[in-house]
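J.: Below is the structure I would like to discuss, written out as structure tokens.
Readers should treat all values here as calculations from the given coordinates under stated rules, not as data from a laboratory. Source: prediction; values computed, not measured. Here Cβ is always computed from backbone atoms with ideal geometry, including for glycine, and neighbour counts include all displayed protein chains.
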Amino acid sequence: MSRKLDELMAQLQECACESSGCDCAQQCRCDDVLDQLFALLDNEITEQDALRLIRHSANCPACLRRIEEEIVIRKVIRRGCCGESAPESLRMKITRITKYQVGR
């Protein structure tokens, strides 16, 4: 997953939409990026939508900063969660609680 995030950052840095003839940044708003941020980072949207968000973010410092922050957060979480596995008894309790709450 880290490779995908690195590729996304490379795409953001390579976007050359600053030319006067390109309107891709206007096809997307900051709200669109924030609403679809997790789907973008999890690669759960179409390539066309991803490119639209990436192009906007390449020209929008606020959206670029938010994407970078989320990437850093995900790296820190992944690094902190790769240690020990939860004991089987704890996993079973969580599964039971989750099933109980969903069935309500």
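J.: Just checking, does the stretch 86-95 include any residue being in contact (Cβ under 8 Å) with a residue 40 or more places away in the chain and assigned to a helix (DSSP H, G or I)?
T.: no
J.: Between a residue in the stretch 33-53 that is in a helix (DSSP H, G or I) and any residue that is among the hydroxyl-bearing types (Ser, Thr, Tyr), which pairs come within a Cβ distance under 6 Å, given they are 6 or more apart or on different chains?
T.: Note: pairs meeting the criteria are Val33/Ser57.
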